[in-house]
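I have placed the structure first, in the form of structure tokens, so that the comments after it can refer back to it.
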Amino acid sequence: MTGFSGSRAVACWRRRLLQVALVVLGGLAWPAQAAVTVVASFSILADLVRAVGGDAVTVTSLVEAGQDGHVFQPRPSDLTRLRDADLVVINGLGFEGWLTRLIQSAGYRGPLVVASRGVTPLGESGAEAAAPVAHGHAHDETHTADAAGTPDPHAWQDPTRVLLYIDNITAGLAGIDPANAAVYHQRAAHYKAELQALDAELRQQLAAPAGTARAVVTPHAAMAYFAQRYGIEFIAAQGASTASEPGGRELAELIRRIRGLSSVALFTESQGVPAILRQVARETGLPVSGRLYSDTLSPPDGPASTYLDMMRYNAHQVQQALQTKVTPR
Ligand code: ZN
């Protein structure tokens, strides 16, 4: 009869030996294996972490490309991933309402980087305060009746605000992996130059011809930061209502607004076209011009598989669609 403590001691030794063997093997067989494991909350952040971390980090995303980051259904493997992470990176500004409980369940006690720390947020109703259809997330249960005072989380849609994201991510990585701090800072400086170049390019590309009243209609209110930075009005079709469909009055108001514009484009954000957008298209005679990536990257083989590609893709789509003058009827 082996006592409980005895078998535990043996098991403990076995584990210890296994660990040592794995470390030795790991060092021999996979010398390039990244030492630092980072879990980001969604695909856009994961790409930013990759931009700073390079080969020194392994980054995965909880919400995968193509999924809705406002909500998340964790699998058991996500808990393991979180528990074993060296660093967790989130957007903040209330975007990941599901995260606190998940971190507790996983038992993760490591550092948490809030990438948007220090960013000046827009109010969720601030960007288009006068418009009854402009705020709120139809698909986000946490944004119910009164969204006033709630920050708009989609700050990544402004590359100049993402400069701060990069600083926060860099500080986080350097903090847990000081040996590579110089490398992280160097990569960050390079990427920030790319962000500045992107911003200059988009400003030029999206500059408004004088005297045009132009707007882009999307399903959810994700583009206020982009709108502010590049001077294009965005109208969220599903904005005002927390139900899945806005009422007749909101729809009528939306149609009325669209008819007052000289240049307007409709875009969807996911694979399909929501009923409300189809209805607006029918009523105004405007086509749905395509898809914008707001809260997620595309899969690797898609047109927006990195943050920089996503921003360029969206800008190009918007510019093309607004150039084709389609007057709403
Ligand atoms: Zn969103």
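Values quoted throughout were computed directly from the atomic coordinates according to the rules given, and no laboratory measurement underlies them. In this text the structure is predicted, and so the values were computed from the model without any measurement. Here the Cβ positions follow ideal geometry from the backbone for every residue, glycine too, while neighbour counts run over all protein chains shown.
Beyond 12 Å, how much of the Cα-Cα pair distribution for the stretch 273-316 remains, as a whole percent? Tail fraction, whole percent: 62. Local charge for Thr60 was computed over the other residues whose Cβ lies under 11 Å away, with Lys and Arg +1 and Asp and Glu -1, and equals -1.
What is the fewest-to-most order of His220, His154 by other Cβ atoms lying within 10 Å of their Cβ? Ordered by Cβ neighbours within 10 Å, fewest first: His220, His154.
Please report the net charge: other residues with Cβ closer than 13 Å to the Cβ of Val119, K and R +1, D and E -1. Intermediate results must be reported in sequence, preceding the final value.
On the way: positive: Arg117, Arg161, Arg229; negative: Asp152, Asp158, Asp167.
Every neighbour counted, the sum reads 0.
With neighbour counts taken as other beta-carbon atoms within 10 Å, the residues Trp98, Trp156 rank, fewest first, as Trp98, Trp156. Arranged from fewest to most other beta-carbon atoms within 10 Å of their beta carbon, Thr60, Thr120 become Thr120, Thr60.
Translational diffusion of the stretch 204-315 was estimated from the Stokes-Einstein equation, with Rh taken as the Kirkwood radius over Cα pairs; at 37 °C and 0.692 mPa s the coefficient is 223 µm²/s.
Between the amide H of Val36 and those of Thr58, distances stay under 5 Å, these residues lying 5 or more places away or on another chain, with hydrogens modeled in the peptide plane.
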